[in-house]
1. So, in nm, how far is label THR514 from label ILE363 when the simple model puts each one 7 Å beyond its Cα toward the Cβ?
2. Is the stretch 339-388 best put as rounded, prolate or oblate by its Cα gyration tensor, with a ≥ b ≥ c the root eigenvalues, rounded for a/c under 1.5, and otherwise prolate when a/b is larger than b/c, oblate when not?
3. Where in the stretch 1-40 is the amide nitrogen less than 17 Å from a point lying 7 Å along the Cα-to-Cβ axis of ASN336?
4. Using the beta-carbon distance between VAL34 and ARG14 and R0 = 25 Å, what value does 1/(1 + (r/R0)^6) give for FRET efficiency, to the nearest 0.05?
5. Please calculate how many Å² of accessible area the chain carries per residue, with a 1.4 Å probe and no DNA, RNA or ligand atoms counted.
6. Given 0.36 nm per residue, what is the gain on full extension from TRP200 to GLU93 after removing their alpha carbon distance, in nm?
7. For the stretch 484-567, just the Cα atoms, rotate onto the principal axes and tell me the three extents in Å, largest first.
8. Rounded, prolate or oblate, given the Cα gyration tensor of the stretch 332-425, with a/c below 1.5 counting as rounded?
Amino acid sequence: MLARYLIIAGSLPRLRDRALKIAAEKKLALVLDVDGLVVLATPDMPTIKIQGGGGVVLGDIFSRDLPYPTITQSDKLSSGGSTATVQVKFLIEECWGHYVSAIIDQATRAITVLRSPFGSLSAYYATADEATIIASDIGLLHDVGVMSGEVDWVRVARHAISPNLRNERACLLGITEVIGGHCIRIALGVPTSHEVWNPWRFTERDRWITSEPQAVEALRQTVDACVAALARRTTHGVLGISGGLDSSIVAAALAQSGTSFSCLTLFTKDAAGDERSFSRILARHLGVELTEAFETVSNVDVTHSAAGHLPHPIARSFAQSGDRSNLAVAKATRANTLYSGGGGDNVFCNIQSAAPVADQLHIGHLRSALRTTYDVARIAQCGMWTVLRSGLGRAASGRRTYRWRPELSFLMPEIAAETDAACIPIWSEAPRDALPGKSTHVAFLVGILNHIEGYGRELSHETISPLMAQPIVELCLRIPSWMWCLGGQNRSLARRAYADALPPELLSRRAKGTPDCFVVELFEANRKVIRDFLADGLLSSHGILDRDAAANLLKEDEPVRGLSYWRIMMLTDVEAWLQTIRRRFAAS
């Protein structure tokens, strides 16, 4: 486990005493002990105390002034306000990074705990009598004695229905997550949650960037600066690449920053999962070392979850092979940081529907809508009339928000009762004038949150997805949806922003590799193991999994058809998490 922290807010002397007692065992040092606020953290946790005993900020925090200098002094952190509301506003609007802050309101003595938008420093909390305990990981909450490790089966059922939706309520009883961009205000030990950052604010029309040159320049400047800021503590990094646009942009930005790094590309025996030729082009162009690692099923245990340290079952078993390769390269190169291009598709609005056409029609840009129709048709490789009809239908429907569809296959019929509750995402309250394309863009950001963690490698190495940095996300939300598909290229502005930094073979690349073939191979190799694992598992015994339907698909003589194998693998991952959690907490 990397840098860890524990915060106790409220009055509960025995809990404080217990926390201080286990601090030595867990190598936590006392950072702050004032006015009902106790903060403990490992020595490697960057820490800034707010002046006057007003609280503390843990983690990496940067100024919004280019080139995003790291904030290390408390006088650079305060806007001069004495209320927590003012301090939170300052942190959200004038700073960014991967941080968690605990702020004492000088007037009310209430304590506000804020997690940065898209911050990788986690924050989970539980309550005990007159105190709220917040920690970087569930292990510390268990050590302090405020969580039992019991499963919340309602939340597990909802996760099975909507596995891509993050929710503040965890899948463990009594545990709640502070979602990035949210805070909890703790008065008399009782927490109330508040949203302080919202993506819809950056989609407002008076904030749009409609000039293509301006958007391209801002994107290049912002991505380069964010990557350089995040890499300041990197002695040597390992970047996972595919020769695709997103990881290539991160590579170019790391090279521009002068960061020492190596590259790793994974490949399968199927051509669809072999992108070595593109990865070699990138590595040669940047002059960095490239390791090519073969994906093999022998590196995967489908009955084990790499998310045993998390309160959500979000690990995907096929990633275990990549974890091994990342850690092997990190060991060989003595790397302390692992990078990826994760989230690029989502942030750069890789949209392949007619929603951008509907956006143009909504605001009355009829002539421009025809150009966008042509662009989308080229990206989707279909006829213009097909796109235009879809765009007109979307515009006429009046529906502005993105609709999340439940996944009910292989679940017991009675689980469908949880569908409505399971399909409510964060940031679901779109403004009345929201456009379909921007609703899709916001939905993309929601959908990536369960896929940027849950890897074994994050337990030993700092793991960064730079394209998910707050300034990059906010900038991209300000760019209208149709500008991302200019010229019939997805993520068009990102391609143009790095036109002078990347080889043309990569910039013009349209196809993307896929792990599908490796997942099929994994499914086939473990068919009997999965069948027995699910049949005798916890999902089945708690009435969530339809055991017979799963067993029917897992027959030995049935060839893989459609995408049902993905669904079975997802449910297997949930079962693996449940059993990993049970083993972990039963033994403690």
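The values are calculated or read from the model by the stated rules, or taken from the named source; none is laboratory data. Fair warning: this is a prediction, and the values are worked out from it, not measured in the lab. So basically every Cβ, Gly included, is an ideal-geometry build from the backbone, and we count neighbours across all protein chains shown. Please note that ligands, DNA and RNA were not included when accessible areas were found on the heavy atoms of the full protein model with its side chains. Shrake-Rupley method; radii C 1.70, N 1.55, O 1.52, S 1.80 Å.
1. 3.3
2. Numbers: a/c = 3.43, a/b = 1.79, b/c = 1.91.
It is oblate, given that a/c is not under 1.5 and a/b is not larger than b/c.
3. 1-4
4. Values: r = 19 Å, r/R0 = 0.76.
Efficiency computed from Cβ-Cβ geometry: 0.85.
5. Details: 23560 Å² over 588 residues.
Per-residue value: 40 Å².
6. Numbers: separation 107, 0.36 × 107 = 38.52 nm, distance 1.48 nm.
Stretched out fully, the TRP200 to GLU93 stretch lengthens by 37.0 nm.
7. Per principal axis, max minus min of the Cα coordinates gives 56, 27, 20 Å.
8. On the way: a/c = 2.50, a/b = 1.21, b/c = 2.07.
Cα axes put the stretch 332-425 in the oblate bin.
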